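The values are calculated or read from the model by the stated rules, or taken from the named source; none is laboratory data. Everything quoted here is computed from the prediction, not taken from an experiment. Cβ sites come from the backbone with ideal geometry, for glycine too, and all protein chains shown count toward neighbours. Accessible surface is based on the protein model in full, side chains and every heavy atom, while ligands, DNA and RNA are left aside. Shrake-Rupley method; radii C 1.70, N 1.55, O 1.52, S 1.80 Å.
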Amino acid sequence: MNDPQLSLEHKRHTLAHLLCAAVLELYPDAKPTIGPAIDNGFYYDFEFAADKRPAEGDLKDIEKKMRKILPSWKEMTGKEVNEKEARDAFAGNPYKLELIGEIAAKKEKLTLYTAGKFTDLCRGGHSENPAKDIAADSFKLSRLAGAYWRGDEKNTMLTRIYGLAFETKDELAAYETMLKEAAERDHKKLGRELDLFTFSDLVGSGLPLWTPNGTLVRNLLDDYVWSMRRAAGYVKVEIPHITKKELYEKSGHWDKFKDELFKITTREGHIFAMKPMNCPHHTQIFARKKWSYREMPQRYANTTTCYRDEQTGELSGLSRVRAFAQDDAHVFCRESQVKEEFLKIWDIVHAFYGTFGFKLRVRLSLHDPKHPEKYLGDESRWKKAEDTLREIADEKKADYFEGAGEAAFYGPKLDFMAHDSLGREWQVATIQLDMNMPERFDLSCTSETGTDERIVMIHAAIMGSIERFMSILIEHTGGNFPLWLAPVQVKVIPVMETHNDAARKVHEALRAAAIRSELDESNAGFGKKVRAAKNMRIPYFIIIGDKDIAAGKVTLESRDKGQIGQLDLKEISARFEQEIRARE
Ligand SMILES: [Zn+2]
Ligand SMILES: [Zn+2]
């Protein structure tokens with residue numbers, strides 16, 4: 001096996017079988033269903049008798065049993081069988097029989113795989129010699145969960161057993177450390193502790209409410225993106241959050257997004273929808289007049305909320321919500337201007353994510369030439385557009401790879417993946433070329449020869465959904481926002497109550513210098529006040545005691561660098577200003 005990724009996937013798949021074998025030895029009445037390899041390991045779903053269901057505490061025993069069986073699995077051999085043989089092998093297990101029926105109906109091959117004394121229905125893809133290929137300490141069972149058969153809540157609730165599996169014990173340990181750290185940094189937990197956002201049962205799930213702290217952070221992020229857009233020639237536009245159904249019929253979204261749209265029937269019986277995206281509205285701003293080639297491109301920026309009717313079960317913190325703000329932008333340009341416009345957006349994306357220390361990787365999402373029927377527009381137009389994207393990535397010497405078949409049906413795109421501080425990868429910004437919407441809305445400009453020229457559109461959100469970006473940023477930083485972004489930048493802490501007056505003067509001077517300062521006048525003890533400031537991840541605190549007052553200075557301490565020393569207020573302001581300007 002040369003491909004390490006594939007070998008790991010085979011190993012995880014094999015471990016799913018091993019889990020099943022161990023469960024059947026310990027729980028002979030259990031009915032196994034399916035058990036695939038997943039990103040970090042594997043799982044297997046079982047139906048257990050109600051009084052014989054394993055608890056979390058039983059996972060250790062199952063794991064032990066797996067290790068006991070493993071040395072006897074020297075190979076996994078497959079055998080093709082007919083439907084009757086397959087049915088006989090799984091008589092009494094309605095789940096496997098359902099799968100067998102489906103495979104047979106599709107006239108696909110039915111194969112059984114055997115290792116040691118254990119046989120399962122399977123397509124194949126295993127470790128060749130599990131006993132040799134799988135280190136006994138490179139996997140562990142991690143948790144139990146409920147899962148409906150085939151993910152449908154009308155079906156029986158099964159018990160899912162999850163396992164983690166990596167190449168080595170060390171890789172497994174590193175992954176577990178990362179998981180623990182990720183749980184510490186969970187944005188839902190930190191969002192509450194740092195008082196950034198909240199949810200209300202009365203308002204509804206998936207509808208985040210932003211507190212003063214959270215709103216401040218959002219606005220600072222948005223202002224930062226806007227400052228770069230303005231420099232690149234963008235202008236702001238504004239749109240209502242609802243529209244007549246007809247707009248989406250014309251754009252094609254009514255058909256495609258029907259189920260995800262929040263629909264409204266007016267008292268006059270007209271159907272409106274809450275906007276799930278902004279592009280169709282923006283086309284109508286562009287379409288308000290006839291443009292000359294001299295006036296192209298038109299670049300519209302608009303940070304605004306979109307709404308999607310996500311299913312309740314899919315909602316999660318800020319990662320998946322029903323209302324989210326997009327820092328959206330659309331460029332209406334000539335085909336000859338695509339490269340220049342993409343380059344400008346590229347620079348903004350890199351500057352923005354670089355500020356937070358995200359490492360970016362780029363995917364050129366291209367069309368699949370084997371399925372031209374899936375895409376709009378002819379082959380030559382696609383080739384030209386895709387060559388342009390490739391040129392851009394080459395010119396920028398980017399770390400990029402190509403994803404055939406990853407394009408949208410209306411055009412190729414550049415997808416940016418960000419590596420966070422825990423080594424996880426998130427898809428963040430995307431720059432999309434759109435040859436479809438200008439066609440549907442008949443958008444054009446007058447060319448040098450006086451004829452109508454079809455234009456193209458570029459979708460260019462930098463953060464994408466601000467909610468989702470905030471969830472990534474909170475976890476990436478662990479809530480330790482840089483000074484420019486921290487809701488409270490400095491906490492002024494008097495050592496004792498007798499220092500309160502002096503502390504208040506310092507606090508007011510900082511406020512006057514536009515520093516977001518907070519004063520702790522509580523009668524809590526000094527240590528407790530310092531801990532509270534640390535828990536809120538405030539970047540700096542200023543301590544004022546007798547020695548400071550005598551010296552006419554204050555003591556500055558940094559969240560990240562520790563004790564800095566005695567400084568006067570002027571020095572502190574200058575230091576903060578410099579750090580804020582540099583967005584360090
Ligand atoms: Zn298998
Ligand atoms: Zn768009």
Hey, Ala509 assigned to a strand (DSSP E or B) and of a type in the set (Gly, Ala, Ser) or not: no
Pull out all pairs, ordered by first then second residue, where Cβ-Cβ is under 6 Å, the residues are six or more apart or on different chains, the first lies in the stretch 444-467 and is at negative phi, and the second is within 16 Å of ligand 2 (Cβ to nearest atom) and of a type in the set (D, E, K, R). Met457/Asp434; Ile458/Glu341; Ala461/Asp327; Ala461/Asp328; Ile462/Asp327; Met463/Asp327
So is Leu443 farther than 21 Å from Phe358 by Cα, open to solvent by 10 Å² or more (accessible area, probe 1.4 Å) and either at pLDDT 90 or above or within 16 Å of ligand 2 (Cβ to nearest atom) (or both) or not? no
The residue from Arg581, Arg575, Arg537, Arg531 that alone is within 32 Å of the chain's Cα centre (by Cα), surrounded by 14 or more Cβ atoms within 10 Å (Cβ to Cβ) and charged (D, E, K, R) is Arg537
Applying the selection to the stretch 182-211, what residues are within 24 Å of Ile462 (Cβ to Cβ) and in a loop (DSSP other than H, G, I, E, B)? Arg185, Leu194, Leu196, Gly206, Leu207, Pro208, Thr211
Take the residues in the stretch 548-570 that are without any contact (Cβ under 8 Å) to a residue 12 or more places away in the chain and outside any loop (DSSP other than H, G, I, E, B); name whichever of them is farthest from Asn500 (Cα to Cα). Gly562
Leu15 being part of a helix (DSSP H, G or I), away from ligand 1 (no atom under 15 Å from the Cβ) and in contact (Cβ under 8 Å) with a residue 24 or more places away in the chain: no
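One line per residue, one yes/no per condition, for (1) open to solvent by 80 Å² or more (accessible area, probe 1.4 Å); (2) touching a helix residue (DSSP H, G or I) at 6+ places or on another chain (Cβ under 7 Å); (3) at pLDDT 95 or above; (4) within 16 Å of ligand 2 (Cβ to nearest atom):
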{"site": "Asn2", "(1), (2), (3), (4)": "yes, no, no, no"}
{"site": "Gln5", "(1), (2), (3), (4)": "yes, no, no, no"}
{"site": "Arg12", "(1), (2), (3), (4)": "no, no, yes, no"}
{"site": "His17", "(1), (2), (3), (4)": "no, no, yes, no"}
{"site": "Gly41", "(1), (2), (3), (4)": "no, yes, yes, no"}
{"site": "Ala49", "(1), (2), (3), (4)": "no, no, no, no"}
{"site": "Ile69", "(1), (2), (3), (4)": "no, yes, yes, no"}
{"site": "Tyr95", "(1), (2), (3), (4)": "no, yes, yes, no"}
{"site": "Lys109", "(1), (2), (3), (4)": "yes, no, no, no"}
How about the stretch 331-383: which of its residues are of a type in the set (D, E, K, R), more than 18 Å from the chain's Cα centre (by Cα) and open to solvent by 50 Å² or more (accessible area, probe 1.4 Å)? Glu335, Lys339, Glu340, Lys344, Asp347, Lys370, Glu373, Lys374, Asp378, Glu379, Arg381, Lys383
How many residues are exposed (fewer than 12 other Cβ atoms within 10 Å of the Cβ) and of a type in the set (A, V, I, L, M) when one looks only at the stretch 158-186? 1
Give me the pairs, please: first residue somewhere in the stretch 521-536 and over 18 Å from Asp501 (Cα atoms), second residue anywhere and among the small types (Gly, Ala, Ser), beta-carbon distance under 8 Å, and either six or more positions apart or on two chains. Ala532/Ala524
Qualifying positions in the stretch 423-434 - touching a helix residue (DSSP H, G or I) at 6+ places or on another chain (Cβ under 7 Å) and either under 17 Å from Arg468 (Cα atoms) or surrounded by 22 or more Cβ atoms within 10 Å (Cβ to Cβ) (or both): Trp426, Val428, Ala429, Ile431, Leu433
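Which one of Gly124, Gly214 is within 16 Å of ligand 1 (Cβ to nearest atom) and either farther than 30 Å from Val349 by Cα or not in a strand (DSSP E or B) (or both)?
Working: Gly214 fails: within 16 Å of ligand 1 (Cβ to nearest atom).
Of the residues listed, the single one that is within 16 Å of ligand 1 (Cβ to nearest atom) and either farther than 30 Å from Val349 by Cα or not in a strand (DSSP E or B) (or both) is Gly124.
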Does Ala145 satisfy being open to solvent by 50 Å² or more (accessible area, probe 1.4 Å), away from ligand 2 (no atom under 16 Å from the Cβ), out of contact with any Gly (no Cβ under 8 Å at 6 or more places or on another chain) and not β-branched (Val, Ile, Thr)? no
Number of the exception - Gly354 against (1) within 27 Å of Gly233 (Cα to Cα); (2) more than 16 Å from ligand 2 (Cβ to nearest atom); (3) modelled with pLDDT under 90: (3)
Can you find a residue that is among the basic types (Lys, Arg) and under 33 Å from the mean Cα position of the chain (by Cα) anywhere in the stretch 492-515? no
Suppose we filter Glu25, Glu80, Glu47, Glu75 for residues that are more than 16 Å from ligand 1 (Cβ to nearest atom), without any contact (Cβ under 8 Å) to a residue 60 or more places away in the chain and either farther than 19 Å from Arg160 by Cα or of a type in the set (D, E, K, R) (or both); which single one remains? Glu25
Would you be able to tell me the number of residues in the stretch 294-308 that are farther than 17 Å from Gly464 by Cα and either in contact with a Pro (Cβ under 7 Å, 6 or more places away or on another chain) or surrounded by fewer than 17 Cβ atoms within 10 Å (Cβ to Cβ) (or both)? 2
Is there a residue being touching a strand residue (DSSP E or B) at 6+ places or on another chain (Cβ under 9 Å) and under 30 Å from Asp546 (Cα atoms) anywhere in the stretch 423-444? no
Take the residues of the stretch 421-473 that are among the basic types (Lys, Arg) and not in a loop (DSSP other than H, G, I, E, B): which is farthest from ligand 1 (Cβ to nearest atom)? Arg454
